[in-house]
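Let me begin by presenting the structure, written as C-alpha cells, before commenting on it.
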Amino acid sequence: MNKLQVWKQRFFYGATDMAGNLIWQIVGLYLLFYYTTVMGISPAFVGTLFLVVRFIDAFDGVVYGFLIDHTHSKFGKSRPYFIWFGIPLGILTMLLFFNPAFGGNKTVQLVWVAIIYTLFSLVYSGANTPITAILPSLTSDPDERTNLASARMVMTNIGTAVIGAISLPMVAFLGGKNAERGWSIWGIIIGIAIIILFFGAFMNLRETNTVAADEAADDDANIKGHLSVKESLKGAVKNKPWVILSVSFILLQTFWVIRMQTAVYYLTYVYRRTDMIGLFNGLVIVAVIGNLSVPFLSKLMKHRKVMELAMVTFAIGEAIMPVGMLTKNLVFLFAGNIIATIAMGAAFSIAFVMIADTVEYARTEMHIDEPGILSSVPMVGAKLGMGFGGALSGWILSWGGFKAALKVQAPKAVTAISTSFIWLPIILALAIVVILHFYNLDEDVVAADKAAQTPGKLAAVTADDDKTLKAD
C-alpha cells in the first residue's frame, strides 16, 4: 500500500463516520428543539419518545455485530453494510424532518413522528456498527489503527462543525419565515450527502486482512469464531476490560447527548445570545485538535490514562463557562467550550482505539474472535446515551417548567437548563474517571501476546503491512 492509498483509506474510513454524524449532530443539537419549538410537541412527550425508542433498539448494535461476524460476501464482512444501511439512512434523514399535518390531527402526527424516529434509530445502528467493526480488518499495524481512528474523528468533527455552525442559518435561508419548510429542505440536502459519503466508502475501502485472519483462525484450533449469540454475549461479559469500557462509553454518550441537546437552550435562555448559537456550535471543529493529539498522547501514556486526562479536562472546561454569566464576559463561555470540546475530541478518538484493544484482548487472552459483537459498543453506547440523555433533557426541562412560548424563562427553568448543560455532564465525566480505575487492559502486553501467537500466514501479512507503512 503506497502513501496515496494509505491516505485514501484514511479519508474514506473517516467519511463513514462523517456521514453518520451529519445527522447525529442535527439530532443531538436540534431535534429536541425542532420538535418542541417548530412542531409544538411537549418536551415531556419528546423525552419519553427518546427513552422508549432506546428500549426498542438499545441493543440492536449487538445484533448487527453478530450479523457482521457471520457475514461472508465477496465485499467482506462489514463493507456491504455501508450500502445496505447507508442509503436507507439517507432516506430516513429526509423523512425525519418531513412531517405532514395530517389534516390537523395531532395524534396521527405524533404517531408518524414516533414511527419515523424509531425506524431512523434502527437503521442508524446498521450503518454505523460496521464502522468500528471494520477497523481491525483495514490494517494489522497498531499505529495505523490509531491513525485511522484519529482520521475518523477528524472527518467527523469537520462535518459536525459545519452542521453545527450553518444548520440554523441554512434553515432560515431555505425556509424564510417558514421554519418547518426550511428544516424539510435541509433534511433532504443532508440525506443526499449521507448517501454519497457511504457509497464512496463502500467503493474505496477494502477489508485486506479478512481472508488472512480467517485462514489463521482455521489453523489455530484454540481460536473460537462464528459463535452463537448466547456464546458471543457470554464471552463478551467475561471480557472485563470490554465491560468496563462499555459502561464508560454509555456514560460518555449520555452526557454528550445531554450537552448537545441543551446547548441551544443555554445560549437562548441563559446567556440570551441567540446570535452566538452558530459560532458556539461551530466550534466543535476544535475537537480536531483533540483527535490529532491522540497518536502523540498514546505514545506517552496508556490509553486509559489518555481517556482519564480527557475527562478531567472536559470537566474543567465545563466549569469555566458559567463564570461568564457572573462576569458578563463571553470570553469565559467560549474558552470553556473550546477546552471541553478539545477534550471530547481526544476522548472519542481514544475510545475507538480502546475498543480495538478489547477485540485483540479477546482474541489473544480469551481465544475468542468475534470483532462484530465487541465492536458494537459505540452503537449500544450511542443508543443508550441518546435515550438516557434525551429523556433526562426533556424531563429536566419539564421539571423546570420550560415553556417554548416564553422568550424569558422562569428562574427554575433557567436552573434546569444550566443543570443539563453544565453540571450533569461534569458529574458523569468524573464518574468515568472513577470507573476506569478498574480497567486493567495493558495494550502493550496484548500486542506482545498477539505477536507471539500470530500464525505464519497472518504474520506474513502483518509484516508486509508494517514494512509498507514504515516505508510511507
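The values are calculated or read from the model by the stated rules, or taken from the named source; none is laboratory data. Keep in mind that this is a model prediction, so the values were computed, not measured. Positions of Cβ are backbone-derived with ideal geometry, glycine not excepted, and every protein chain shown enters the neighbour counts. Note: areas computed on protein heavy atoms with side chains; ligands, DNA, RNA excluded. Shrake-Rupley method; radii C 1.70, N 1.55, O 1.52, S 1.80 Å.
Applying the selection to the stretch 1-33, what residues are of a type outside the set (F, W, Y), over 30 Å from L49 (Cα atoms), open to solvent by 20 Å² or more (accessible area, probe 1.4 Å) and under 18 Å from the mean Cα position of the chain (by Cα)?
Once the filter is applied, which keeps residues that are of a type outside the set (F, W, Y), over 30 Å from L49 (Cα atoms), open to solvent by 20 Å² or more (accessible area, probe 1.4 Å) and under 18 Å from the mean Cα position of the chain (by Cα), the stretch 1-33 yields only R10.
Suppose we filter E180, E144 for residues that are at pLDDT below 90 and acidic (D, E); which single one remains?
Of E180, E144, the one residue that is at pLDDT below 90 and acidic (D, E) is E144.
Checking A263 against (1) modelled with pLDDT under 90; (2) open to solvent by 50 Å² or more (accessible area, probe 1.4 Å); (3) within 16 Å of W423 (Cα to Cα): exactly one of these is not met. Which one?
(2)
Yes or no: V111 β-branched (V, I, T) and closer than 30 Å to I196 by Cβ?
Criteria not met by V111.
Could you pull out every one of the helices (runs of 4 or more DSSP H) wholly within the stretch 247-337 that has 3 or more residues that are closer than 30 Å to L436 by Cα?
Per the criteria, 287-300, 303-320.
Within the stretch 138-162, how many residues are within 15 Å of L283 (Cβ to Cβ) and over 15 Å from the mean Cα position of the chain (by Cα)?
Selection size over the stretch 138-162: 1.
In the stretch 317-337, which residues are surrounded by fewer than 17 Cβ atoms within 10 Å (Cβ to Cβ) and of a type in the set (V, I, T)?
Those that are surrounded by fewer than 17 Cβ atoms within 10 Å (Cβ to Cβ) and of a type in the set (V, I, T): V323, T327, V331.
Among the residues of the stretch 164-175, are any out of contact with any Asp or Glu (no Cβ under 9 Å at 6 or more places or on another chain) and farther than 18 Å from F97 by Cβ?
Yes: the stretch 164-175 contains one or more residues that are out of contact with any Asp or Glu (no Cβ under 9 Å at 6 or more places or on another chain) and farther than 18 Å from F97 by Cβ.
Could you check how many residues of the stretch 383-409 are of a type in the set (K, R) and at pLDDT below 75?
Here the count works out to 1.
Of the residues A212, A236, A221, A217, which is crowded, with 22+ Cβ neighbours inside 10 Å and at pLDDT below 85?
Matching residue, one of A212, A236, A221, A217: A236.
Would you confirm whether or not the stretch 269-284 contains a residue that is touching a Lys or Arg at 6+ places or on another chain (Cβ under 8 Å) and either modelled with pLDDT of 85 or more or crowded, with 24+ Cβ neighbours inside 10 Å (or both)?
no
Is it fair to say V331 is in contact (Cβ under 8 Å) with a residue 40 or more places away in the chain and under 27 Å from I158 (Cβ atoms)?
It is false that V331 is in contact (Cβ under 8 Å) with a residue 40 or more places away in the chain and under 27 Å from I158 (Cβ atoms).
Can you give me the number of residues within the stretch 108-162 that are of a type in the set (D, E) and open to solvent by less than 20 Å² (accessible area, probe 1.4 Å)?
Of the residues in the stretch 108-162, 2 are of a type in the set (D, E) and open to solvent by less than 20 Å² (accessible area, probe 1.4 Å).
Tell me whether the stretch 294-315 contains one or more residues that are at pLDDT below 85 and surrounded by fewer than 23 Cβ atoms within 10 Å (Cβ to Cβ).
no
Can you tell which of I350, I368 is farther than 30 Å from L49 by Cβ, modelled with pLDDT of 80 or more and either open to solvent by 10 Å² or more (accessible area, probe 1.4 Å) or not basic (K, R) (or both)? Reasoning before the result, please.
Numbers: I368 fails: modelled with pLDDT of 80 or more.
Answer to the selection: I350.
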